[in-house]
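The values are calculated or read from the model by the stated rules, or taken from the named source; none is laboratory data. Just so it is clear, the model here is predicted, and its values are computed rather than measured. No Cβ is skipped: glycine too gets one built from the backbone with ideal geometry, and neighbour counts run over all protein chains shown. Ligands, DNA and RNA are excluded from the accessible area calculation, which covers all protein heavy atoms including side chains. Shrake-Rupley method; radii C 1.70, N 1.55, O 1.52, S 1.80 Å.
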Amino acid sequence: MVLDRFRLDDRVAVITGAGRGLGAAMARAFAEAGADVVISSRTESELREVASDVESHGRRAAVVPADLSDTDQLPRLIEAAVDDFGRLDIVVNNVGGTYPMPVMQTTEDFLEEAFHFNVTTAFELSRLAVPRMLEGHGGAILNISSAMGRLVERGFLAYGTAKAALAHMTRLMARDLAPRIRVNGLAVGSVATSALEIVMTNEDLKRELEEKTPLRRLGQPEDVAAAALWLVSDAGSFITGKIIDVDGGIESPNLDLKLPDV
């Protein structure tokens, strides 16, 4: 049965930024498909709530509260997978993000922080995970990038450049780790999560986003979770080094920050 290829029975996934939003949705989806999960973010109470949902599907969740911008914390996630569940099959590098900033206000430190949080953390967690994955049958790494990694709009220099780097790192890493480990990415558009809280509470901004999106709606976290499940499961076993757009069909930015000319 083709649907069986989407199952993750008895596999173990590490998911960063899993306290809410996309990470939480992916943790729930993977558990529903049969996986145990290691989930991490800053806020333990949010992680506990996600863990409860995971357990409602009959699966197990290891909760690792951590500031994942500190790469010294990353080995704890790998250790939790191996110590609690005995294996590691999937890594989802979901944590990331950088708020908009006009170019002339973007400092060197701000740009480097954007790279560190969006690229370096994903690289380092993946590098730590590979030896454990190779102890088994290999595995899958999924990097969560953004539509702004390929689109152009004022205010997104640091964020867009970092996400573009993450996307190309995905392609390069896939070449290095083939054939036993597949590496793919999702370039996500406007999704109704807390990251868009300002937009969600402003009807004019929300309407602008929807009207400029070909599918005329915001994405839902489950839209991203479904695509993630495809790529990390056997359903995606012939896919590596690819960035899949989950963005409602946009080919240009759907939110103008209305920054003035310099």
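Quick rundown of the values:
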item: Length added when fully stretched, GLU49-ARG217, from 0.36 nm per residue minus Cα-Cα; result: 57.7 nm
item: Among beta bridges that DSSP assigns inside the chain, antiparallel share in %, nearest 5; result: 0 percent
item: Length released on extending from LYS258 to HIS137, taking residue separation times 0.36 nm less the Cα-Cα span; result: 38.6 nm
item: Coil-residue trypsin sites (Lys or Arg not before Pro) of the stretch 134-207, DSSP, other Cβ within 10 Å capped at 14; result: ARG180
item: 222 nm mean residue ellipticity, helices alone, for the chain (DSSP H n ≥ 4; -39,500 (n - 2.57); rounded to 500); result: -11500 deg cm²/dmol
item: Filtered GluC sites (Glu not before Pro), the stretch 198-257: DSSP coil and at most 14 other beta carbons within 10 Å; result: GLU251
item: Mean Kyte hydropathy of -0.5 or more with a Cα span along the axis of at least 15 Å, helices from DSSP in the chain; result: 21-32, 121-134, 157-177, 221-232
item: log₁₀ of I(q)/I(0) at q = 0.14, 0.21 Å⁻¹ - the stretch 62-157, Debye sum with one point per alpha carbon; result: -0.60, -1.05
item: Average accessible area per residue (Å²) across the stretch 51-150 - probe 1.4 Å, nucleic acids and ligands excluded; result: 47 Å²
item: Alpha carbon centroid spacing (whole Å) that separates the stretch 38-79 from the stretch 107-185; result: 20 Å
item: Overall Cα dimensions of the stretch 81-228, principal axis frame, Å, largest first; result: 52, 35, 27
item: Solvent-accessible area, 1.4 Å probe, carbon plus sulfur percent, for the stretch 174-218; result: 49 percent
item: Pairs of Cα atoms farther than 17 Å apart, the stretch 1-99, %; result: 45 percent
item: Spatially near lysine pairs across the stretch 109-262, Cα under 23 Å, sequence gap of 8 or more or different chains; result: 5
item: Stretch gain in nm, segment PHE123-THR107, where the contour uses 0.36 nm per residue and the Cα spacing is subtracted; result: 3.4 nm
item: Ordering of 15-25, 102-112 by burial proxy (mean other Cβ atoms within 10 Å per residue, highest first); result: 15-25, 102-112
